[in-house]
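Report on the structure given below.
The values are calculated or read from the model by the stated rules, or taken from the named source; none is laboratory data. Since this is a predicted model, take the numbers as computed values, not measurements. Cβ coordinates were reconstructed from backbone atoms using ideal geometry, including for glycine residues, and neighbour counts include every protein chain displayed. In case anyone asks, the SASA skips ligands and DNA or RNA and just uses the protein heavy atoms, side chains included. Shrake-Rupley method; radii C 1.70, N 1.55, O 1.52, S 1.80 Å.
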Amino acid sequence: MNADDLPTLRGELEAHGLWARKSLGQHFLLDLNITRRIARAAGEISGKPVIEVGPGPGGLTRALLEAGANPLIVIEKDVRFLPLLQPLIAWSGNRLVIVEGDALAVDESMLTTHRAAVVSNLPYNVGTALLVKWLKAGPWRGDMTLMFQKEVAQRIVAGPSHDAYGRLAVLVQARCQARMEFVVPARAFTPPPKVASAVVSLRDRADPYHDLEALERVTAAAFGQRRKMLRSALRTLTPEADSLLLDAGLDPTARAEAIDQAGFRRLADAWRSLAG
Ligand code: SAM
């Protein structure tokens, strides 16, 4: 099957009198070369379950079906797009399942019993909230290939001592190996957003850190005052900041941006022992 045989996405939008709604973060990819590239970044998905949030007019949906996703479960909040997506059910030989709803509220474990890859061009306004939700998800969630604003993508993949390094990097990298795949310029979208976007791949780590709650608490305190030494910044968490840092084997005069994943894991463990 070849998605080039389908009516063009631009033609479909025009035929249905549809336009992008800013409030829903709608910036569409109408060029199949780009959506195919995103599908390829997801690796081998043929015959495997995939979840896509925000299919919109269906550019990435077409590419994922073409790559063999089975089933492809799409979750879309804007009902206006359902008539554009429905014909893809028959075209794909019934591999497409359309769920109408808010992805933040959907329980994906009810949609798939098998581990599913997540591949999406995410709406900017809820992109990080969805990512954090999926980090905490149960065994249904497989590897993720996600498009964010470039600046958010940089915050996800950053390592210690980079300006973009912060809470998001530490939390994501506790569960996943994060890699920047490629940047997509703003002009590639209809309508173009103000900034560029980037695709990030997030593969499950062999050694995930499980106590995300503890990690959320220590990173909130540590990066809440990122210019301060840890011994001061962590006082919002505990009056015993110095002994907490000692337990974690960290230098109390260091700053949060210098602490790597292993250091934050030790700090979260030490806080958990202290807090009980
Ligand atoms: N995947 C399409 C593409 O690449 O052209 C559209 C991407 S557009 C950036 C984001 C899509 O997410 C829109 O279709 C929008 O309606 C949808 N959306 C926004 N908020 C949503 C939510 N909370 N739950 C599900 N879909 C949502």
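Distance between the C-alpha centres of segment 58-106 and segment 185-199: 22 Å, rounded to the whole angstrom.
Summing charges over neighbours of Ala3, with a neighbour being any other residue whose Cβ is under 10 Å away from its Cβ, gives -1 when K and R count +1 and D and E count -1. One Cα centroid belongs to segment 38-55, the other to segment 240-256; the line between them spans 42 Å.
When a/c reaches 1.5 or more, the comparison of a/b and b/c decides; with that in mind, is segment 1-114 rounded, prolate or oblate per its Cα gyration tensor? Verdict is oblate for segment 1-114.
Using Cβ point charges alone (K and R +1, D and E -1), the dipole size of the chain about the Cα centre works out to roughly 560 debye. With respect to the chain, whose longest principal axis is taken over its alpha-carbon atoms, helix 32-41 is tilted by about 40°.
Computed from label points 7 Å out along Cα-Cβ, the spacing between Ala206 and Glu14 is 5.3 nm.
What shape does segment 212-275 take by its C-alpha gyration tensor, where a ≥ b ≥ c are the square roots of the eigenvalues and a/c under 1.5 counts as rounded, a/b above b/c as prolate, and the rest as oblate? Taking the square roots of the gyration eigenvalues as a ≥ b ≥ c, segment 212-275 is rounded. How would you classify the chain from its alpha-carbon gyration tensor, with a ≥ b ≥ c the square roots of the eigenvalues: rounded for a/c under 1.5, else prolate if a/b is greater than b/c, otherwise oblate? Because a/c hits 1.5 or more and a/b exceeds b/c, the chain counts as prolate.
Distance between the pseudo-spin-label points of Glu151 and Arg187 (7 Å out from Cα toward the beta carbon): 2.2 nm. When you filter the trypsin sites (Lys or Arg not before Pro) in segment 49-140 for DSSP loop state and at most 15 other Cβ atoms inside 10 Å of their Cβ, you are left with Arg115, Lys136.
Here are some pairs, Lys136/Lys194; Lys22/Lys150; Lys22/Lys77; Lys77/Lys133; Lys150/Lys194; which of them have Cα atoms lying more than 20 Å apart in this structure? Going by Cα-Cα distance, Lys136/Lys194 fall outside the 20 Å limit. For Lys136 and Leu82, the FRET efficiency from 1/(1 + (r/R0)^6), where r spans their Cβ atoms and R0 equals 30 Å, is about 0.55.
Only beta bridges with both residues in the chain are counted; by DSSP, about 50 percent of them are antiparallel. DSSP bridge analysis restricted to segment 78-206 gives an antiparallel fraction near 75%, rounded to the nearest 5. On the chain, 52 percent of the accessible area sits on carbon and sulfur atoms, based on a 1.4 Å probe. Average accessible surface for the chain: 45 Å² per residue, computed with a 1.4 Å probe over protein heavy atoms with every protein chain in place. Would you mind counting up the charge near Thr61? Only other residues with Cβ under 10 Å from its Cβ, with Lys and Arg at +1 and Asp and Glu at -1. Net charge around Thr61: -2. Our coupling estimate for segment 97-102, obtained by passing each phi through the Karplus curve with A = 6.51, B = -1.76, C = 1.60 and θ = phi - 60°, is 10, 9, 10, 8, x, 8 Hz, Gly and Pro reported as x.
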